[in-house]
1. If you count, for each residue, the other Cβ atoms within 10 Å and average over each peptide, how do 103-111, 194-202, 80-88 line up from highest to lowest?
2. Given H placed on each backbone N at 1.01 Å, which residues far from L112 in sequence or on other chains put an amide H within less than 5 Å of it?
3. List the chymotrypsin sites (Phe, Trp or Tyr not before Pro) within the stretch 130-201 that fall in a DSSP loop (any state other than H, G, I, E or B) and whose Cβ has at most 15 other Cβ atoms within 10 Å.
4. How do M183, M1 rank when sorted from fewest to most other Cβ atoms within 10 Å of their own Cβ?
5. Would you kindly state how much longer the chain becomes between E122 and Q213 on full extension, computed as 0.36 nm times their sequence separation minus their alpha carbon distance, in nm to one decimal?
6. Put +1 on the Cβ of every Lys and Arg and -1 on every Asp and Glu Cβ in the chain; which of G14, F72, H176 then has its Cα farthest towards the positive end of the dipole?
7. For log10 I(q)/I(0) by the Debye sum over Cα atoms at q = 0.10, 0.13, 0.16, 0.19 Å⁻¹, pick the label among (i) -0.50, -0.85, -1.25, -1.52; (ii) -0.50, -0.80, -1.12, -1.42; (iii) -0.42, -0.71, -1.09, -1.50 that corresponds to the value derived from the coordinates.
8. I need the calculated FRET efficiency for the pair C153 and A94, taking r as the beta carbon distance and R₀ as 41 Å, to the nearest 0.05.
Amino acid sequence: MRLILFGPPGSGKGTQAKRLSERLGLAHISTGDILREAVRLGTPAGKLAESFVRDGKLVPDDLVNELVKERFSGTSRPDKFVLDGYPRTVAQAASLDQLLRQQFLALDVTVLLEVDDQEIIERIRHRWTCPKCKATYHTISKRPKKEGVCDECGSVLIQREDDKEATIRRRLEIYHQTHTPLMAHYEAQGLLRRVKGTGDIETIYTNIVKVLQSASPGH
């Protein structure tokens with residue numbers, strides 16, 4: 001099984017990608033992980049990406065494509081995988097299409113987790129994080145024992161800039177601008193399937209697996 005998991009920020013795609021990886025024996029390929037690993041190992045693309053990571057800037061398409069290409073080269077290339085966080089643009093998708101053809105690999109399906117913008121905002125804007133141990137809390141679904149204080153280490157909780165409502169709205173706006181043509185790209189190939197990304201984590205996982213089974217019988 002070879003698939004890409006898409007979804008807006010806060011849709012839970014990282015959580016679901018990890019479950020799919022563990023339960024179906026797929027390599028979990030996250031661009032964030034690839035980036036950090038390439039920088040750590042000092043690969044050619046990793047060295048080029050290091051300054052962008054250090055300065056908190058977006059890594060350019062060409063460089064992200066090169067990092068993914070590195071991951072798929074050599075004897076350690078994955079045969080079965082779930083991609084999470086890549087591609088983000090049509091240009092990246094075209095690069096991935098070419099890369100997979102060169103590796104004689106074909107995607108089985110791409111899955112879009114659909115979650116309304118307002119649901120995403122409610123999920124994220126109530127999230128608070130411990131700056132010390134990185135534990136996360138939610139003022140509705142996972143409250144700390146003492147308001148504003150981390151259960152684990154007693155540090156004062158903060159709300160990350162990414163979790164503030166104005167930032168979430170900007171991120172969603174960018175997401176829709178880039179992902180609408182990206183979804184059209186995969187829909188044109190007959191690869192796109194949509195799964196409702198609301199409800200409990202296990203139910204969403206089950207619905208994803210049903211889609212995978214219908215898209216690729218025998219896997």
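1. Highest to lowest by the protection proxy: 80-88, 103-111, 194-202.
2. F6, R193, R194, V195
3. Values: sites: Y137, Y175, Y186; in loops: none.
Those that pass, being in a loop and sparsely packed, number zero.
4. On the way: M183 16, M1 19.
Listed from fewest to most nearby Cβ atoms, that is M183, M1.
5. Once the chain is fully extended between E122 and Q213, it gains 29.6 nm.
6. G14
7. Evaluating log10 I(q)/I(0) by the Debye sum over Cα atoms at q = 0.10, 0.13, 0.16, 0.19 Å⁻¹ on these atoms matches (i).
8. Numbers: r = 46 Å, r/R0 = 1.12.
In this case the efficiency is close to 0.35.
Taken together, the values in this text are just the output of simple stated rules run on the coordinates, not laboratory data. Bear in mind that the values here come from a model prediction, so they are computed numbers and not experimental data. Cβ coordinates were reconstructed from backbone atoms using ideal geometry, including for glycine residues, and neighbour counts include every protein chain displayed.
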